[in-house]
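Reading through the structure tokens given below for one structure.
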Amino acid sequence: MARPTHVKITEVGTRDGFQAEAKFIPTATKIRLINQLIDAGVPRVEFSSFVSPKAIPQLADVVDVLAGIDRSKGTTLAALVPNPRGAAGAAAAGVDQMVVFVSASESHNQKNVNRSVQESLDGLGEIMRIASIDSIDVHGAIPTSFGCPFEGDVSLDSLGRVVASYRDMGIMNISLGDTTGMATPTLVTDSCRYLQDRFPDVGITLHFHNTRGIGLCNVMAGLDEGIDSYESSFGGLGGCPFAPGATGNICSEDLVFLLHEMGIETGIDIRKLCAVARDVETVIERQLPGQVMKAGLRQDIYTMDEGKSAIG
């Protein structure tokens with residue numbers, strides 16, 4: 001499979017990243033950061049979730065955030081919807097895309113939404129109906145696609161079951177979620193080939209976490225299978241609150257740097273993206289694991305006066 005020449009990046013930091021932050025981030029700050037992402041050329045932003053404010057207080061301002069975003073540049077604004085009530089709220093607010101989710105593993109799905117996988121799949125019909133009224137696209141996410149912290153390995157058959165159900169409902173684009181960073185290049189290759197062979201009409205997006213330090217290695221495996229869509233978070237922020245040991249997503253700036261150095265286009269201004277990540281560090285008041293925002297680009301040149309000189 002030929003590597004893609006252009007890759008679509010989805011920024012998930014203001015949803016997947018911010019949802020675990022204990023200190024409430026002001027609505028105006030969220031709006032500013034999302035508008036900066038749009039200005040940097042990010043084509044799709046999963047900006048928040050229409051979830052109960054009791055479950056995730058950080059995202060209680062989802063309607064106000066959407067109302068303040070600059071929508072003039074065509075960036076797709078997607079929001080997670082856990083149930084019909086969330087879907088109705090998302091439709092009323094005017095999202096571009098709804099994201100539904102059903103885990104590949106039974107245990108994680110129970111932890112995440114207190115339902116079996118089949119119960120979750122059965123419940124998607126009403127969400128699809130609500131979305132269809134306003135012709136809103138629905139994207140299907142599959143957490144624990146590459147492994148479950150409670151069950152270990154997740155079979156390809158379990159993964160395929162969820163994809164088949166999504167496709168039968170009319171969901172033609174899916175995200176394979178590496179919820180706790182259990183993916184390896186071999187697992188990525190096997191999963192992509194399995195799904196592409198059985199569901200050639202379904203578009204695949206890969207969502208990796210960097211829990212064990214090989215997130216970008218997994219991206220390379222995905223590129224080798226022709227996958228041209230990835231989800232990432234500014235500075236590497238994030239982590240599933242319902243999965244023990246989960247750490248941040250792969251870093252958006254590091255991902256874009258890798259792709260650009262490989263001659264793969266993204267349409268994103270990496271310097272502006274790095275500026276957003278540094279802004280986020282100020283907002284959450286701690287350092288993030290992203291590397292490129294600290295080191296700069298490979299082509300950056302410094303004066304002799306800026307470097308230390310050997311003594312003696």
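At-a-glance table
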| quantity | calculated |
| --- | --- |
| Close pairs from region 280-305: first more than 17 Å from GLU261 (Cβ to Cβ), partner in a loop (DSSP other than H, G, I, E, B) and small (Gly, Ala, Ser), Cβ under 7 Å, at least 6 apart | PRO289/GLY248 |
| Count - residues of region 50-64 that are surrounded by 23 or more Cβ atoms within 10 Å (Cβ to Cβ) and either under 11 Å from ILE31 (Cα atoms) or among the hydroxyl-bearing types (Ser, Thr, Tyr) (or both) | 1 |
| For ALA55: the one exception among (1) under 20 Å from the mean Cα position of the chain (by Cα); (2) over 21 Å from GLY203 (Cα atoms); (3) modelled with pLDDT of 95 or more; (4) outside any helix (DSSP H, G or I) | (3) |
| Qualifying helices (runs of 4 or more DSSP H) (wholly inside region 76-134; at least 2 residues being farther than 18 Å from LEU176 by Cβ, under 21 Å from the mean Cα position of the chain (by Cα) and among the small types (Gly, Ala, Ser)) | 84-93 |
| Among the candidates GLY181, GLY125, residue that is at pLDDT below 95 and either touching an Asp or Glu at 6+ places or on another chain (Cβ under 7 Å) or not hydroxyl-bearing (Ser, Thr, Tyr) (or both) | GLY181 |
| Checklist (1) surrounded by 16 or more Cβ atoms within 10 Å (Cβ to Cβ); (2) part of a helix (DSSP H, G or I) applied to ALA28, failing item | (1) |
| Residue within region 6-16 that is more than 12 Å from the chain's Cα centre (by Cα), more than 30 Å from TYR194 (Cβ to Cβ), crowded, with 22+ Cβ neighbours inside 10 Å and in contact (Cβ under 8 Å) with a residue 40 or more places away in the chain present | no |
| Residue match in region 177-188 (condition: more than 18 Å from the chain's Cα centre (by Cα), over 16 Å from ASN109 (Cβ atoms) and of a type in the set (S, T, N, Q)) | yes |
| Subset tally (residues that are surrounded by 20 or more Cβ atoms within 10 Å (Cβ to Cβ) and in a strand (DSSP E or B)) for region 135-149 | 6 |
| Some residue of region 296-304 being closer than 29 Å to VAL138 by Cβ, in a loop (DSSP other than H, G, I, E, B) and either more than 19 Å from the chain's Cα centre (by Cα) or not hydrophobic (A, V, I, L, M, F, W, C) (or both) | no |
| THR180, sole failed condition from (1) over 18 Å from VAL117 (Cβ atoms); (2) touching a residue at least 12 places away in the same chain (Cβ under 8 Å); (3) not in a helix (DSSP H, G or I) | (1) |
| From the options GLY226, GLY213, GLY238, GLY248, residue that is touching a residue at least 60 places away in the same chain (Cβ under 8 Å), under 19 Å from the mean Cα position of the chain (by Cα) and surrounded by fewer than 22 Cβ atoms within 10 Å (Cβ to Cβ) | GLY226 |
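Yes or no, residue by residue, for (1) under 19 Å from the mean Cα position of the chain (by Cα); (2) more than 28 Å from GLY147 (Cβ to Cβ); (3) not in a helix (DSSP H, G or I):
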position: ASN218; (1), (2), (3): yes, no, no
position: GLY222; (1), (2), (3): yes, no, no
position: SER232; (1), (2), (3): yes, no, yes
position: GLU253; (1), (2), (3): yes, no, no
position: GLY267; (1), (2), (3): yes, yes, yes
position: CYS274; (1), (2), (3): yes, yes, no
position: VAL283; (1), (2), (3): no, yes, no
position: SER309; (1), (2), (3): no, yes, yes
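The values are calculated or read from the model by the stated rules, or taken from the named source; none is laboratory data. Remember, predicted model here, so these are calculated numbers, not experimental data. Reconstructed Cβ throughout: ideal geometry from the backbone, glycine too, with neighbour counts over all protein chains shown.
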